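*Asks:* The structure under discussion is supplied below as structure tokens; questions concerning it will follow.
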Amino acid sequence: MDNFEYRNNQLFCEDVALADVAKEFGTPVYVYSRDAIERAFLGYSQALEGHDALVCFAVKANSNLAVLNVLARLGAGFDIVSLGELERVLKAGGKPEKIVFSGVGKQAHEIERALKVGIHCFNIESEAELDRVNDVAGQCGINAAISFRVNPDVDAGTHPYISTGLKDNKFGIAIDEAERIYAKAAAMQHVDIVGMDCHIGSQLTEIAPFMDAMDRLLVLVDKLAASGIVIKHLDMGGGLGVCYTDEVPPSPQDYISAVLKKLEGRDLGLIFEPGRSIVANAGVMLTQVEFLKCNESKNFAIVDAAMNDLIRPALYSAYQEIIPVSVREEGKPVTYDLVGPICETGDFIGKDRALTIEAGDLLAVCSAGAYGFVMSSNYNSRGRAAEVMVDDNNVYEVRARETLHDIMRGEQTLPAGN
Ligand code: LLP
């Protein structure tokens, strides 16, 4: 975790005691460190200084407007996958010409809006989508800059749900088909080929799969060049892992220097789409212990956060560290499953965790800045958590906790008597 540390047994984010945050904003609450986000982004952008490159934060990892704005102020680009993400980026001050639009199912109205605001590039994932982008661009009278997401068929060695570069998943076009589809695009009137992209998976802890993917894409870039199709940029997607427990992923600097080395002597721009590695360790989720419940075989700590607030443990069996906000010096640690109030056995935040806790204690679920709040829901009619951002010794509420009114907004009963 970056910028989260104990001072006198009290967990701090930058210069703010997290116990004070919980007192002011309640729990569960997501807390982000501005400085941690900025430093993670600069890790990429500084390693790329002097190169024709764009670092496009993957908005899906954390789409809070304050997070996007902090990044936009540093000159970040953005990788979006929906109209909603596009509008968020624009509202947060992101520059349209630094936006790449990914995703397998772009709709005509989304394409139209993206064309009209002038995004950098569409990352196209199928032939049918190429036809659609060409049609919409024709109707708008604005040519679309395009890249194809090529599926290099490499095994990223990560969880099957977040591995995306293998043949048998829904993403991208098969590498064997790529030449034909690029040639088709080159003959179309309303698209301009500018790039080639890939995204082989998430939470990668080795450089090798990225290098494998790159080797395959560069062969394709050369083949296309031989037939007169010039690729101006290579977009390596996101995917760099972070430390949740004891993983030792490569740093962005090491990863980027390996990429740059492979590109030596080529006139090829670069795009990266990091999500997790920018925000995961810049955030925690605070939760309070409601009850301790012990039966013959298990000890449970029932906390006020649930799978609707943070679904990664339930969905991927993901491990996130859970630590006390105030360390108890007295008492022996007991092993607990930390579970939420939702009526599902799968509703857990952590299993078999040794903790010295009592009811009423506050806990911090670590590495929660990526794929945390954004994947939350209203299951069991629970309002979504508040989000706050810490900046030195200041705390800003960047999303208010959802109220019951928010949850029921837009719903109606049938007219009386019907
Ligand atoms: N670009 C594309 C096209 C993507 O599909 C993704 C993530 C990224 C960039 C950002 O990847 P990152 O740098 O964050 O690894 N919900 C899962 C992760 C799903 C990732 C989906 N795509 C989780 O909580 O682990």
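The values are calculated or read from the model by the stated rules, or taken from the named source; none is laboratory data. A quick note: this is a predicted structure, and the numbers were derived from the prediction, not measured. Every residue, glycine among them, receives a Cβ derived from its backbone with ideal geometry; neighbour counts consider all protein chains shown.
*Asks:* Restricting to strands (runs of 3 or more DSSP E) lying wholly in the range 1-41: which have 2 or more residues that are in contact with a helix residue (DSSP H, G or I) (Cβ under 8 Å, 6 or more places away or on another chain) and buried (at least 20 other Cβ atoms within 10 Å of the Cβ)? Explain how you work it out, then say what you get.
*Replies:* Working: elements: 4-7, 10-13, 29-33.
By residue number, 10-13, 29-33.
*Asks:* Would it be correct to say that ASP20 is at negative phi, of a type in the set (Asp, Glu) and at pLDDT 95 or above? Talk me through it step by step, then tell me what you get.
*Replies:* Details: at negative phi: yes; of a type in the set (Asp, Glu): yes; at pLDDT 95 or above: yes.
For ASP20, the condition - at negative phi, of a type in the set (Asp, Glu) and at pLDDT 95 or above - is met.
*Asks:* Out of all the residues in the range 309-350, which are within 16 Å of the ligand (Cβ to nearest atom) and within 28 Å of GLU14 (Cβ to Cβ)?
*Replies:* ASP309, LEU310, ILE311, ARG312, PRO313, ALA318, TYR319, GLN320, GLU321, ILE349, GLY350
*Asks:* Does ALA58 count as away from the ligand (no atom under 13 Å from the Cβ), modelled with pLDDT of 95 or more and not acidic (Asp, Glu)?
*Replies:* For ALA58, the condition - away from the ligand (no atom under 13 Å from the Cβ), modelled with pLDDT of 95 or more and not acidic (Asp, Glu) - is not met.
This table checks each residue for (1) assigned by TED's automatic domain parsing to the domain that holds GLU110; (2) within 16 Å of the ligand (Cβ to nearest atom); (3) at pLDDT 95 or above.
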residue: GLU129; (1), (2), (3): yes, yes, yes
residue: ARG132; (1), (2), (3): yes, no, yes
residue: VAL136; (1), (2), (3): yes, no, yes
residue: VAL150; (1), (2), (3): yes, yes, yes
residue: ALA156; (1), (2), (3): yes, yes, no
residue: GLY172; (1), (2), (3): yes, yes, no
residue: MET188; (1), (2), (3): yes, no, yes
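*Asks:* With the requirement that a residue be under 19 Å from GLU110 (Cα atoms) and touching a strand residue (DSSP E or B) at 6+ places or on another chain (Cβ under 8 Å), what does the range 61-87 give you?
*Replies:* Taking the range 61-87 and keeping what is under 19 Å from GLU110 (Cα atoms), we get 63, 77-87.
GLY77, PHE78, ASP79, ILE80, VAL81, GLU85, LEU86 - these are the residues of the range 61-87 that are under 19 Å from GLU110 (Cα atoms) and touching a strand residue (DSSP E or B) at 6+ places or on another chain (Cβ under 8 Å).
*Asks:* Any residue in the range 326-339 that is under 22 Å from ASN308 (Cβ atoms), out of contact with any Cys (no Cβ under 8 Å at 6 or more places or on another chain), in a loop (DSSP other than H, G, I, E, B) and among the acidic types (Asp, Glu)?
*Replies:* no
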